[in-house]
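Below: one structure, written as structure tokens.
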Amino acid sequence: MIGLFLNGLAASAGGGLTYLRNVLPQLSVRRDAHTTVALSPQLRHELQDLPNISFLETPIPDGSARRFWHEQAVLPRLIRESGADALISAGNFALRKSPVPQILLSRNSLYTSGDFLRDLRARQDYRLWLDTRIKGILAKRSIQWADCTVAPSRAFAEDLEHWTGKNVTCIYHGFDRDLFVGNKASLPPGLEQKLEAEPGTLRLLFVSHYNYYRNFETLFRAVPLIRDGLGGRKIKLFLTCTLRSDDNPGSYHAESAAALINQLGIAKNVVELGTVRYSQLHHVYQACDIYVTPAYAESFAHPLVEAMASGLPVVASDLPVHREICNAAAAYFHKFSPSELASGIVQVANSVERGREMAALGRKRSSDFSWTKHVDELTRLSRRLMEHSGRQGHRDMI
């Protein structure tokens, strides 16, 4: 049996927590592995007790920099005490001196994104620009420190290889359709009411908290063009966020995006649903006609898989990651072109046959992603590193 130590201290209410929720049940049913998970006490109640999983609650200081140095000082001892044979660092940063072979899971595309840094300078958000540069240095060093770095897509793995000169392995993130659609309870009345629209209305969906790199502004500028191209058909764009800074994670300022909606005269076309619980999200996809994403930086993009599994045609910015995940199930547009975005939406909306073809391709493509496959490959990689390393955990020495 191999002992794994999963560093989940970087997990929050976002993607890190979603990753743990999907991966831990898969690890728990493996008879050849026992996993110790380090996480903050605030998140322990979010995860159920599971066989073969030991939770290690570790208080952490606020802020990424403080968390990084806290991990460097505390985790090596905890790893040795757990008897683990391999470390999986799930928060973009690695231990400089891991006592066991270390796999780094890297999934933050902002550190390699020139578009993001240019965007921050254009917004004069120099504090976030500096923070990103500093974290980027630590992330780049982390790839050097780790025995192996894993990216969730080939396109992002190639970005990391070009950035660091180190080999990077691709292991796709997964998707569990049965889990995704498992909650049959209806949406709360307030949310159902927000999703209401007149018959014949084109319903667009974008699933994201507000941030800069998801490029909301290009999408908003496309809405009047879509409206004009539909020949009188009404349009609603549903967002799973609210455009208020305090309601979104991170230090992104949403007020300028909210002001843009009013400037463009599309307030009646944009509906802010607010945060939707993951267990209820499938209802929102099923209530819509087309999924759209204008993001200019991504490493995997889970909502694309969710949308394809829900039978929605996808219109996505033309990123290598998006083409890799969706293949022929999406129509693509230049990431900063509202006119190309609008044209793509109108073409799909005006062709029932094309929409059905894209939906069928999307359902088939979504079945290629599996958390079981993800955990199988991650466990095989851990075992291979352990066998080729002179560093062994206490478990194999007793």
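The values are calculated or read from the model by the stated rules, or taken from the named source; none is laboratory data. Please read these numbers as outputs of a predicted model, since none were measured by experiment. FYI the Cβ positions are ideal-geometry reconstructions off the backbone, even for glycines, and counts take in every protein chain you see.
Acidic (Asp, Glu) and under 19 Å from the mean Cα position of the chain (by Cα) - does that describe any residue in the stretch 112-133?
Initial filter on the stretch 112-133 (acidic (Asp, Glu)): 115, 119, 125, 131.
Filter once more, so that each one left must be under 19 Å from the mean Cα position of the chain (by Cα): 115.
Taking every residue of the stretch 112-133 in turn, at least one turns out to be acidic (Asp, Glu) and under 19 Å from the mean Cα position of the chain (by Cα).
Go through (1) surrounded by fewer than 16 Cβ atoms within 10 Å (Cβ to Cβ); (2) out of contact with any His (no Cβ under 8 Å at 6 or more places or on another chain) and name the single condition VAL37 misses.
(1)
Take VAL168 and tell me if it is outside the structural domain of GLU306 (by TED's automatic domain parsing) and either hydroxyl-bearing (Ser, Thr, Tyr) or in contact with a Leu (Cβ under 7 Å, 6 or more places away or on another chain) (or both). First the steps, then the outcome.
Numbers: outside the structural domain of GLU306 (by TED's automatic domain parsing): yes; either hydroxyl-bearing (Ser, Thr, Tyr) or in contact with a Leu (Cβ under 7 Å, 6 or more places away or on another chain) (or both): yes.
Judged against the criteria, VAL168 is a match.
Quick check on my filter: what residues within the stretch 53-68 are part of a helix (DSSP H, G or I) and exposed (fewer than 12 other Cβ atoms within 10 Å of the Cβ)? If you could, list the steps in order and put the result at the bottom.
Our first condition is that a residue be part of a helix (DSSP H, G or I); within the stretch 53-68, this holds for 64-68.
Hit for the stretch 53-68 is ARG66, nothing else.
Are any of the residues in the stretch 229-236 in contact with a strand residue (DSSP E or B) (Cβ under 6 Å, 6 or more places away or on another chain), under 18 Å from ALA307 (Cβ atoms), free of Cβ contacts under 8 Å to residues at least 60 places away in the same chain and outside the structural domain of ARG384 (by TED's automatic domain parsing)?
The answer is yes, given that some residue of the stretch 229-236 is in contact with a strand residue (DSSP E or B) (Cβ under 6 Å, 6 or more places away or on another chain), under 18 Å from ALA307 (Cβ atoms), free of Cβ contacts under 8 Å to residues at least 60 places away in the same chain and outside the structural domain of ARG384 (by TED's automatic domain parsing).
Can you name every one of the strands (runs of 3 or more DSSP E) wholly within the stretch 84-161 that holds 3 or more residues which are crowded, with 19+ Cβ neighbours inside 10 Å and of a type in the set (D, E, K, R)?
Values: elements: 86-89, 102-105, 148-151.
Correct list: empty, since no element meets the threshold.
Of all residues in the stretch 184-202, which are without any contact (Cβ under 8 Å) to a residue 60 or more places away in the chain, in a helix (DSSP H, G or I) and either among the hydroxyl-bearing types (Ser, Thr, Tyr) or closer than 11 Å to ALA287 by Cβ (or both)?
If the condition is that a residue be without any contact (Cβ under 8 Å) to a residue 60 or more places away in the chain, in a helix (DSSP H, G or I) and either among the hydroxyl-bearing types (Ser, Thr, Tyr) or closer than 11 Å to ALA287 by Cβ (or both), then GLU192 is the only one that fits.
Quick test of your reading of the structure: ALA259 fulfils all but one of (1) part of a loop (DSSP other than H, G, I, E, B); (2) hydrophobic (A, V, I, L, M, F, W, C); (3) without any contact (Cβ under 8 Å) to a residue 12 or more places away in the chain. Name the failing condition by number.
Among (1) part of a loop (DSSP other than H, G, I, E, B); (2) hydrophobic (A, V, I, L, M, F, W, C); (3) without any contact (Cβ under 8 Å) to a residue 12 or more places away in the chain, the lone unmet condition for ALA259 is (1).
Looking at ALA73, is it outside the structural domain of ASP247 (by TED's automatic domain parsing) and touching a helix residue (DSSP H, G or I) at 6+ places or on another chain (Cβ under 8 Å)?
Working: outside the structural domain of ASP247 (by TED's automatic domain parsing): yes; touching a helix residue (DSSP H, G or I) at 6+ places or on another chain (Cβ under 8 Å): no.
So ALA73 fails the test.
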